[in-house]
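Participant: Could you have a look at this structure, given as structure tokens, before my questions?
The values are calculated or read from the model by the stated rules, or taken from the named source; none is laboratory data. Just so we're clear, the structure is a prediction, and the values are computed from it rather than from any experiment. Every residue, glycine among them, receives a Cβ derived from its backbone with ideal geometry; neighbour counts consider all protein chains shown. To get the accessible areas, we keep the full protein, side chains included, count just its heavy atoms, and leave off ligands, DNA and RNA. Shrake-Rupley method; radii C 1.70, N 1.55, O 1.52, S 1.80 Å.
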Amino acid sequence: MNAFIQGLPKVELHLHIEGSLEPELLFELAQRNNIDIPYQSPQALRKAYEFEDLQSFLDIYYQGANALITEQDFYDLTWAYLEKSKADNVIHTEIFFDPQTHTERGIHFDTVINGIYRAMEDGREKLGITSQIIACFLRHLSEQSAIETLQSILKHQDKIIGVGLDSSEQGHPPEKFKRVFQQAREAGLLTVAHAGEEGPAQNIVDAVEMLGVSRVDHGVRCVEDPQLLDALIASKMPLTVCPLSNIKLCVFDEMVQHNIADLLRKGVAVTINSDDPAYFGGYMTDNFLAVNQAHPMSKRELAQFTINAINGSFISDELKANYRAQVEMYVAKH
Ligand code: HPA
Ligand code: ZN
């Protein structure tokens, strides 16, 4: 089954590009940009990646992002992620970035988006991976800061398909961003939001109703509200679940306790994603392997994760049909 998983075509819908910054590249960039890192080596830094909750991770993750300064840095970061994705047979990916993490420390929005976008164009040409960009608002910052960030996003709307919401869920419910999401939707952007990762099921309800999301990021706490669960199944709302992330951030103690297999079998449109692979111990294939090891699945079930991701992606119906056919051909052959 491991070979089947490795070769299975995959679609990633929940990946923070800043979370794909491997310690080795972080050290290289820090040297290039004359930035001090309080660790002796990439190995020592990697050892420090022990988290007890979302916030303890975010503190280290934002520190790591300080090494990213130039457009070339953002290009190198994105290119490294795309190469890893190629090795995992990812055919399409929708990449999050956090504009405010960079603009707050004086890096221009254009520097960030242009570097990421140039790598994505090369990824399409040289690796055959299609991709989209989603700009996330940091929920620990103010509504006003999100509204200002939306203005920059709109200047690059030719490259950005939608907006998302990430960072600390506790204490920053969807309601805080109702107006900026409405403005984004009116401008023609699609919307997604992290909800029900650490926060309650009500945040999922509110993300759908107040933010008009097309997908829910994480959403694993939906099981705490049976009515919500039924609604998610009926509406085929995609959940972008991140199994290794959920273990690293102690959302579940062990993978055997993770509810992703159960959700799939109940008919929820769950998908498998890597979230912040450099921090959580693996990319797409690693996440599939970890799920299948704890919850043995049929080939059909494993392929369903990709089918769900294709259906929930922000690509044309024509490309979706093409990708579904690619998956069906792979399953038929194996
Ligand atoms: N949750 C919230 N914010 C984040 C995450 C996450 O898993 N990863 C990067 N920013
Ligand atoms: Zn995330």
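Participant: How are the C-alpha pair distances of the stretch 1-158 spread across 5 Å bins, as whole percents from the shortest bin up?
Facilitator: Answer for the stretch 1-158: a P(r) of 2, 8, 17, 20, 19, 17, 11, 5, 1, 0 percent.
Participant: What number comes out for accessible area per residue over the chain if the probe is 1.4 Å? Units Å², please.
Facilitator: Values: 13270 Å² over 334 residues.
The answer is 40 Å² per residue.
Participant: Moving on. So which aspartates and glutamates pass the test for Lys155, namely a Cα distance under 20 Å, with those fewer than 8 places away in the same chain ruled out?
Facilitator: Within the straight-line cut-off, Lys155 pairs with Glu71, Glu94, Asp98, Glu104, Asp110, Glu121, Glu143, Glu186.
Participant: Please compute the modelled spin-label separation between Asn311 and Ile60, points set 7 Å along Cα→Cβ, answer in nm with one decimal.
Facilitator: Result for the modelled spin labels: 3.7 nm.
Participant: If N is the number of residues in the stretch 1-85, what value comes out of its Cα radius of gyration divided by 2.2 N^0.38 Å?
Facilitator: Details: Rg = 14.7 Å, N = 85, 2.2 N^0.38 = 11.9 Å.
Here the answer is 1.24, to two decimals.
Participant: Quick check on the stretch 124-265: take the gyration tensor over C-alpha atoms, sort the square-rooted eigenvalues as a ≥ b ≥ c, and tell me if it's rounded (a/c under 1.5), prolate or oblate. Don't jump to the answer; show the numbers that get you there.
Facilitator: On the way: a/c = 1.74, a/b = 1.37, b/c = 1.27.
Here the stretch 124-265 falls in the prolate category.
Participant: Continuing with this model, one more query. Starting from the Cα coordinates of the stretch 193-334, work out the convex hull volume and express it per residue in Å³. Working shown, then result.
Facilitator: Values: hull volume 15.8 nm³, N = 142.
Taking only Cα atoms, the stretch 193-334 has a hull volume of 111 Å³ per residue.
Participant: About the Cα centre, and with charges only on the beta carbon of Lys, Arg (+1) and Asp, Glu (-1), how big is the dipole of the stretch 2-333? Nearest 20 debye, please. Could you put the intermediate results ahead of the total?
Facilitator: Details: 28 positive and 47 negative charges, 199 e Å.
Charge dipole of the stretch 2-333: 960 debye, to the nearest 20.
Participant: Would you give the gap between the C-alpha center of the stretch 121-144 and the C-alpha center of the stretch 148-196, rounded to a whole Å?
Facilitator: About 12 Å separates the Cα centre of the stretch 121-144 from the one of the stretch 148-196.
Participant: Would you mind checking Lys176/Lys320; Lys266/Lys299; Lys84/Lys236 for any pair whose Cα atoms are more than 22 angstrom apart? Don't skip to the end; give the middle numbers.
Facilitator: Numbers: Lys176/Lys320 34 Å; Lys266/Lys299 17 Å; Lys84/Lys236 30 Å.
From Lys176/Lys320; Lys266/Lys299; Lys84/Lys236, over 22 Å: Lys176/Lys320; Lys84/Lys236.
Participant: Go through 173-181, 213-221 and give me the packing order, highest mean Cβ count within 10 Å leading. Walk me through the intermediate numbers first.
Facilitator: Details: 173-181: 18.8, 213-221: 25.3.
Going by the mean number of other Cβ atoms within 10 Å, highest first, we get 213-221, 173-181.
Participant: Out of the total accessible area of the chain (probe 1.4 Å, heavy atoms of protein only), what percent is carbon and sulfur?
Facilitator: On the way: 6430 of 13270 Å².
Carbon and sulfur atoms account for 48 percent of the accessible area of the chain.
Participant: Going by accessible area, probe 1.4 Å, with all protein chains left in place, what is the ranking of Ile37, Ile204, largest first?
Facilitator: Values: Ile37 45, Ile204 0 Å².
My answer, sorted largest first, is Ile37, Ile204.
Participant: Once you keep just the Cα pairs under 8 angstrom separated by 6 or more residues, what percentage relative contact order results for the chain? Mind showing how you got there, number by number?
Facilitator: Values: 562 pairs, mean separation 67.2, N = 334.
Reported as a whole number, the value is 20 percent.
Participant: Can you compute 3J(HN,Hα) from phi for each residue in the stretch 68-75, using the Karplus curve 6.51 cos²θ - 1.76 cosθ + 1.60 with θ = phi - 60°, rounded to whole Hz and x for Gly and Pro?
Facilitator: Values per residue, Gly and Pro as x: 8, 10, 9, 4, 5, 4, 5, 5 Hz.
Participant: Taking amide H positions as placed in the peptide plane 1.01 Å from N, state which residues far from Ile95 in sequence (5 or more) or on other chains have amide H under 5 Å from it.
Facilitator: Close amide H contacts, sequence-distant or interchain: Gln132, Ile133, Ile134.
Participant: On to the next question. Under the Karplus relation 6.51 cos²θ - 1.76 cosθ + 1.60, θ = phi - 60°, what is the ordered set of whole-Hz ³J(HN,Hα) values for the stretch 228-244, x standing for Gly and Pro?
Facilitator: After applying 6.51 cos²θ - 1.76 cosθ + 1.60, I find 5, 4, 4, 5, 5, 5, 5, 8, 6, 5, x, 10, 9, 7, 10, x, 5 Hz.
Participant: Another question about this same structure. Could you run the Karplus curve 6.51 cos²θ - 1.76 cosθ + 1.60 with θ = phi - 60° over the stretch 9-15 and give me ³J(HN,Hα) per residue in whole Hz, x for Gly and Pro?
Facilitator: Whole-Hz 3J(HN,Hα) from phi for the stretch 9-15: x, 10, 10, 9, 10, 8, 8.
Participant: Taking the dipole about the Cα centre of the chain, with the C-beta of Lys and Arg at +1 and of Asp and Glu at -1, give me whichever of Val223, Ala278, Pro173 is farthest to the positive side.
Facilitator: The Cα lying farthest towards the positive end belongs to Val223.
Participant: Using the charge dipole of the stretch 2-333 (Lys, Arg: +1 at Cβ; Asp, Glu: -1 at Cβ; taken about the Cα centre), state which of Ile37, Ala193, Tyr62 has its Cα farthest towards the positive end.
Facilitator: Looking along the dipole axis, the top candidate is Ala193.
Participant: Moving on. Please express the shape of the stretch 118-173 as an equivalent ellipsoid: the semi-axes are the square roots of 5 times the eigenvalues of the C-alpha gyration tensor, given largest first in whole angstrom. Don't jump to the answer; show the numbers that get you there.
Facilitator: Details: eigenvalues 153, 39, 9 Å².
The equivalent ellipsoid of the stretch 118-173 has semi-axes of 28, 14, 7 Å.
Participant: Within the stretch 114-137, whose backbone N sits under 11 Å from a point 7 Å along Cα→Cβ of Ala187?
Facilitator: The answer is 135, whose backbone nitrogens lie closer than 11 Å to the label point.
Participant: Another question, if that's okay. Post the alpha-carbon centroid distance, the stretch 1-64 to the stretch 263-334, in whole angstrom.
Facilitator: After rounding, the separation between the Cα centres reads 22 Å.
Participant: Next question, about the same structure. To the nearest 0.05, what FRET efficiency results for Glu328 and Gln202 with a Förster distance of 35 Å applied to their C-beta separation? It would help to have the intermediate numbers written out before the result.
Facilitator: Values: r = 38 Å, r/R0 = 1.08.
The computed FRET efficiency comes out at 0.40.
Participant: Could you grab the relative contact order for the stretch 136-283? Cα pairs under 8 Å, six or more apart, rounded to a whole percent. Present the calculation step by step, with values, prior to reporting the outcome.
Facilitator: Values: 235 pairs, mean separation 24.4, N = 148.
Averaging sequence separation for qualifying contacts and normalising by length gives 16 percent for the stretch 136-283.
Participant: Next question, about the same structure. Over the Cα atoms of the chain, what radius of gyration and what Dmax do you get, in Å?
Facilitator: Rg, Dmax (Cα atoms, Å): 18.6, 53.
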